[in-house]
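Everything on this sheet refers to the single structure shown next.
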Amino acid sequence: MSVNSPMLGLKLATDPRWVNLAEKSLEEILTDHAYCEQKAATSCITLIQLYPEKEELVSSLAPIVTEEWGHFRQVLAELKKRNLKLGKQRKDLYVNALIDFQKKGGSREDRLLEKLLTCALIEARSCERFRLLSLHISEEELKSFYHTFMISEAGHYRLFIDLAKRYCEPEKVKFRWQEYLEEEARIMSHLDARGDRMH
């Protein structure tokens, strides 16, 4: 499966040299990755709790919770295999900036759209980063490890976009998604390229 920034809609590609930084901070990047998977599972649980009447959303996200938690355990296993330790969770400046961009108020559907598009964008950027790791990290075993995650995140990105179109006006989804993509590029351009963070 070929996944690249244009296909994901991202306006600003990650500099491939980020992989070199990540490789030098393997314990830190795996720690951050682990918490990203944990937070992804929690986000899906929260959406189910907030919108239990939306049956397609519940049935679609329930298995994602299991999958993301499974990913968390996979990353923990990778840390253990390498005799590395899970560090402390750190503030995610990227995700916090996206949450700040969410429109507050409006209808329940408006708020759902904001949450779904935020989730879609996080998955898209994670997918892009996993792709870079799968292509450019020096260790073959890690290339395969990250390739698996890349494919999974691409599917999640599509699911969140599809759910947005299912429950919200498609034209509104399209317009707001473009606004999110523009804002995400701005956020990325202002964040330091750190090898100890997935985003």
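Read-outs throughout are calculated quantities, based only on the coordinates presented, and are distinct from any laboratory measurement. No experiment lies behind these values; they were computed from the predicted model shown. So basically every Cβ, Gly included, is an ideal-geometry build from the backbone, and we count neighbours across all protein chains shown.
Worth pointing out:
- Principal axes of segment 47-107: Cα extent on each, largest first, Å: 48, 29, 12
- Cα gyration tensor category, rounded, prolate or oblate, for segment 1-86 with a/c compared to 1.5: oblate
- Between the helical axis of 170-190 and the longest alpha-carbon principal axis of the chain there is an angle of about 30 degrees.
- Value of [θ]222 nm, deg cm²/dmol, for the chain, DSSP H segments ≥ 4, -39500 (n - 2.57) each, nearest 500: -25500 deg cm²/dmol
- Volume in Å³ per residue [convex hull over Cα atoms, computed for segment 107-199]: 97
- Diffusion coefficient, µm² s⁻¹, Stokes-Einstein with Kirkwood Rh over alpha-carbon pairs of segment 18-190 at 4 °C and 1.567 mPa s: 77
- Angle between the chain longest axis and helix 26-50 axis [Cα atoms, degrees, rounded to 10]: 20
- Once the Cα atoms are used to define both axes, helix 55-81 deviates from the longest principal axis of the chain by about 10 degrees.
- Projected label distance in nm at ALA62 and ARG111, using a 7 Å step from Cα toward the beta-carbon: 2.4
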